[in-house]
Amino acid sequence: MSGEESFTIGNTAQEKGFDYVPECYVVSPTKASSQAQVPTIDMARLRKTGSERSVAVNELGEACRRRGFFQVVNHGISQSILDEVLAVASGFFDLPAREKLKFKSSDVYKPVRYATSLKDGVDKVQFWRIFLKHYAHPLEAWIDSWPDNPPHYREKMGKYCAEVRKLALELMGTVIESLAISPNHLIQKIQDGMQVIAVNCYPPCPEPDAALGLPPHSDYTCLTIVLQNSTGLEILDTEDGDGNWIAVPEIHGTLLVHVGDHFEVLSNGVYKSVVHRATLNSERTRISIASLHSLGMDDKMGTAKEVVDEENPKRYKESSFRDFLDFLATDDIADGKRFIDTLRI
Ligand code: OGA
Ligand code: NI
């Protein structure tokens, strides 16, 4: 092959099902050294009262402090809702290219967009991923701009978005409680906040160890909730030294939760925004649905006054979702740049 190939959307190796990995995809990632022991948060215990709840709240705080990552069980979202949303997500990616390309855009400010890699046609390094992103809250404002194909996409996705948002609000409220931050003002902003859905598709890759689906990054959010149909997510464990990649096992029916940059800022770095990446496999298409939760578009997240004192001065500048989009539009996260690094004082 020549070095002149152009992998613009519609023509990428992952969409065309290449039987080799082109040079511009090769990043030769270091392999995960182990499977993660993922802390499990049991929503049934968080929904109790008294000491049982306090213990669960402390465990949640501990998971946020340690790696900024945990899984949730007994979340109350029925298995049929999870199965159906994964089915319509797969169904979308199975559509003929012309149907999907109706939504194509490399403009990061677009509320609905279909794209590959990070900034299609601009980034030098490519990743083996196709995605559809769309805003999801308030549902009535956005649902009519979503794909109406496959036929039940809006209905099934809408149902999941509403359910997962309720869970996210409950978890965000609990995170705030675990930090002993005065809740009223912040909870209101979170309730008025944004929900963005990233529907990710990672087709089988002929040399899964050569490329990545998504490069290492952290999410800009308060919290992100991820539903996946198979394994592939890895998180960076920085507890000792430079960090090892650890593979997150797939446990049917659980949801995965990432602490994002905005909660690291809120907690003044006490809670960690987890660095994660998506790896590939050669056999099956992996689908993941990430629900990204933040404050409103122009609402600034800053460090809570309760976690700052003379010994622990404020370590981050405040920022909004729009500030993140401005970062995304100009910086290349494939180079390993992180939004949170731009916020450090
Ligand atoms: C994301 C993300 C992980 C995955 O969309 O931000 O990290 O497993 N996705 O697809
Ligand atoms: Ni992510």
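The values are calculated or read from the model by the stated rules, or taken from the named source; none is laboratory data. Model, not experiment: these values are computed from the prediction. We place every Cβ from the backbone using ideal geometry, glycine too, and count neighbours over all the protein chains shown.
Residues that are within 26 Å of Ala162 (Cβ to Cβ), modelled with pLDDT of 95 or more and not β-branched (Val, Ile, Thr) number at least 2 in the following strands (runs of 3 or more DSSP E) confined to the stretch 242-310: 255-259, 276-278, 286-294. Applying the set (1) out of contact with any strand residue (DSSP E or B) (no Cβ under 6 Å at 6 or more places or on another chain); (2) surrounded by 24 or more Cβ atoms within 10 Å (Cβ to Cβ); (3) hydrophobic (A, V, I, L, M, F, W, C); (4) closer than 26 Å to Gln126 by Cβ to Met301 leaves exactly one unmet item: (4). The condition of being touching an Asp or Glu at 6+ places or on another chain (Cβ under 6 Å) and within 16 Å of ligand 1 (Cβ to nearest atom) holds for only one of Tyr135, Tyr220, that being Tyr220. One residue alone among Val88, Val72 is assigned to a strand (DSSP E or B), among the β-branched types (Val, Ile, Thr) and surrounded by 17 or more Cβ atoms within 10 Å (Cβ to Cβ), and that residue is Val72. Taking the conditions exactly as written (closer than 18 Å to Gly269 by Cβ, among the charged types (D, E, K, R) and in contact with a helix residue (DSSP H, G or I) (Cβ under 9 Å, 6 or more places away or on another chain)), does Glu239 satisfy them or not? In short, yes.
Okay, residues lined up against (1) buried (at least 16 other Cβ atoms within 10 Å of the Cβ); (2) more than 20 Å from the chain's Cα centre (by Cα); (3) among the charged types (D, E, K, R):
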site	(1), (2), (3)
Ser33	no, yes, no
Pro39	yes, no, no
Gly50	no, yes, no
Val57	yes, yes, no
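Condition test on Phe263, is it aromatic (Phe, Trp, Tyr), under 17 Å from the mean Cα position of the chain (by Cα), under 21 Å from Lys133 (Cα atoms) and within 16 Å of ligand 1 (Cβ to nearest atom)? Here the answer is no, as Phe263 does not meet what is asked. Within the stretch 140-147, can one find any residue that is in contact with a strand residue (DSSP E or B) (Cβ under 9 Å, 6 or more places away or on another chain), within 19 Å of Gly260 (Cβ to Cβ) and not in a helix (DSSP H, G or I)? Among the residues of the stretch 140-147, not one is in contact with a strand residue (DSSP E or B) (Cβ under 9 Å, 6 or more places away or on another chain), within 19 Å of Gly260 (Cβ to Cβ) and not in a helix (DSSP H, G or I), which makes the answer no.
Need pairs with beta-carbon distance below 9 Å; first residue hydroxyl-bearing (Ser, Thr, Tyr) and within the stretch 32-56, second not in a strand (DSSP E or B); sequence gap 6+ or separate chains. Correct list of pairs: Thr40/Glu59; Thr40/Ala63; Thr40/Ile251; Thr40/Thr254.
Remark: pairs (first residue in the stretch 212-234, more than 21 Å from Ile81 (Cα to Cα); second residue surrounded by fewer than 24 Cβ atoms within 10 Å (Cβ to Cβ) and hydroxyl-bearing (Ser, Thr, Tyr); Cβ separation under 8 Å; 6+ apart in sequence or on different chains) = Leu212/Thr279; Gly213/Thr279; Gly232/Thr279; Leu233/Thr279; Glu234/Thr279. Which one is farthest from the chain's Cα centre (by Cα), of the residues in the stretch 269-295 that are within 12 Å of ligand 1 (Cβ to nearest atom) and aliphatic (A, V, I, L, M)? Checking each candidate, the answer is Leu280.
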